[in-house]
Amino acid sequence: MHLTRRYFLKSSGAIATYLGVAPLDLFAQAGMQAATPATVRANKTVVVIFLRGGADGLNLVIPHGDPHYARLRRSIAIAQPGAGEQATVDLDGYFGLHPRLAALKPLFDERVMVAAHAVGYDKNTRSHFEEQDVWETGVIGNTIHSDGWLNRHIATSEGRGPIRAVAIGDALPRILHGEAPAYAIRGLEDLSLPDQGRGGSERLVQALEHAYCTAPDPERAGAMDLLSETAGLTLEGVRELQAVAAQPYESAAAYPDTELGRRLRQAARLIKANIGLEVVEIDYGGWDTHSYQGGAAGQFANLAANLGVCMSAFCRDLEERLDDVLVMTLTDFGRTAAENGTGGTDHGWANCMFLAGGAVRKAHASATDPERRVVSRWPGLAPDQLHEGRDLLHTTDFRDVLAEVVQVHLGNPNLKSILPDHDFKQVGLVS
């Protein structure tokens, strides 16, 4: 039988989905700049939580010191600090947290968490599809043939274990697409097959080994060499995941019984298993709040509450391992500065990001202002300060934040290959 790319992806994809592991795109990505692989820093992990839908950063990290904030948001503005349980949780006298994010306040107090505000870039289209592609590929403009920036990190560096990148969810997100191996798992429990007790899982792994790891037909040696090498890596990774799943796990913190809570608990379990994991991606959707967004209560508040409690539990669960982990939120774009006629907000421009972990603590210690809680060159919300008269203006390019995460935290200096066509500026969020 003639071996084709379509046949291989179809057949291996079916097996990989059955195992709970997303198929690898073995033939992806042409044209990436050649880079000398760098050996990553030992035991470092970045966990990306992607807030799908465009989260309203002005009500996550609230500029309560800006006199125009409340004017623009008459029904959804959060009250000034000190006005009761539904009021803004003050951080630094100018910025504060949504009251349902109160679980994060101790992390700020301990200098292990920071927010960046007014983050974005200058060609935002306000399209969910285009902007998620931009934030996941790190490429501005035509992203059709671009892979994910986290995958390019893996592809331009050498790791310290068989499993370097995992998405915990139903599919491999764009941020991990590319030539480097990456896994999408629904959960560690999904790695076992229904008839595992009769050896079904092991038989399937053996079938993969027989198909792709035995001596190839000379007529298709080149393709089979590639498949054999990649199948070997995939099988090694699956075995590592199965070994982790076989071990009991007691978390050091209580997670809420939500999808985000369960996924973050799985992430903590994998990180503490010491398998060389560098990248974890988790999606958290529902943030497209065009109508009835609510202020201190409502749909947005419920999303924020779950985010805050889950992130707090995750950081506490990691215990001393938090020194080696960086948790970061991304989202499509910000929302309009003013609320719309249906009590919601529309697609906007700049936004906020949360970062937590040991790298943040180190940056606090070396900063000229170690008391900082929010890093921002705040552009203001006055009519003449808004972008196109409607949106928060960006003053920090998101690629500068990503670059610090990759170079400073993970230890990969190949920024021109990972985030091409950008002149980098220091932000100082991590150290």
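Quick notes on this structure:
- Boolean, ASP332 is in contact with a helix residue (DSSP H, G or I) (Cβ under 6 Å, 6 or more places away or on another chain), in contact (Cβ under 8 Å) with a residue 40 or more places away in the chain and at negative phi: yes
- Test: residue in the range 61-83 that is within 28 Å of THR137 (Cβ to Cβ), touching a strand residue (DSSP E or B) at 6+ places or on another chain (Cβ under 9 Å) and at pLDDT 95 or above: yes
- Selection within the range 406-431 - within 19 Å of the chain's Cα centre (by Cα) and without any contact (Cβ under 8 Å) to a residue 12 or more places away in the chain: GLN407
- Restricting the range 265-287 to residues that are assigned to a loop (DSSP other than H, G, I, E, B), surrounded by 18 or more Cβ atoms within 10 Å (Cβ to Cβ) and touching a residue at least 60 places away in the same chain (Cβ under 8 Å), the residue that is farthest from the chain's Cα centre (by Cα): ILE275
- Criterion violated by SER417 - all others in (1) crowded, with 18+ Cβ neighbours inside 10 Å; (2) under 30 Å from GLU110 (Cβ atoms); (3) small (Gly, Ala, Ser) satisfied: (2)
- Test: residue in the range 131-142 that is part of a loop (DSSP other than H, G, I, E, B) and within 30 Å of GLU371 (Cα to Cα): no
Every residue, every condition in (1) polar (S, T, N, Q); (2) farther than 30 Å from ARG174 by Cα; (3) surrounded by fewer than 24 Cβ atoms within 10 Å (Cβ to Cβ), yes or no:
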| site | (1), (2), (3) |
| --- | --- |
| VAL48 | no, no, yes |
| ASP56 | no, no, no |
| TYR69 | no, yes, yes |
| VAL112 | no, no, yes |
| HIS128 | no, no, yes |
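- When the range 366-383 is filtered for residues that are among the hydroxyl-bearing types (Ser, Thr, Tyr), touching a residue at least 40 places away in the same chain (Cβ under 8 Å) and surrounded by fewer than 19 Cβ atoms within 10 Å (Cβ to Cβ), only SER366 remains.
- Only residues that are assigned to a loop (DSSP other than H, G, I, E, B), touching a helix residue (DSSP H, G or I) at 6+ places or on another chain (Cβ under 7 Å) and within 17 Å of MET328 (Cβ to Cβ) were counted across the range 407-423, and they come to 2.
- Of THR156, THR125, THR137, all but one fail to be hydroxyl-bearing (Ser, Thr, Tyr) and farther than 24 Å from VAL325 by Cα; the exception is THR125.
- Checked against the criterion of being at pLDDT 95 or above, touching a His at 6+ places or on another chain (Cβ under 6 Å) and within 24 Å of LEU101 (Cα to Cα), the candidates LEU330, LEU318, LEU381, LEU322 yield just one match: LEU381.
- Taking residues in the range 97-122 that are more than 15 Å from VAL401 (Cβ to Cβ) and assigned to a helix (DSSP H, G or I), and partners anywhere that are at pLDDT 95 or above and basic (Lys, Arg), the pairs with Cβ atoms closer than 6 Å and at least 6 places apart or on different chains are PHE108/ARG373.
The values are calculated or read from the model by the stated rules, or taken from the named source; none is laboratory data. Because the structure is predicted, anything quoted here is derived from the model rather than measured. Cβ coordinates were reconstructed from backbone atoms using ideal geometry, including for glycine residues, and neighbour counts include every protein chain displayed.
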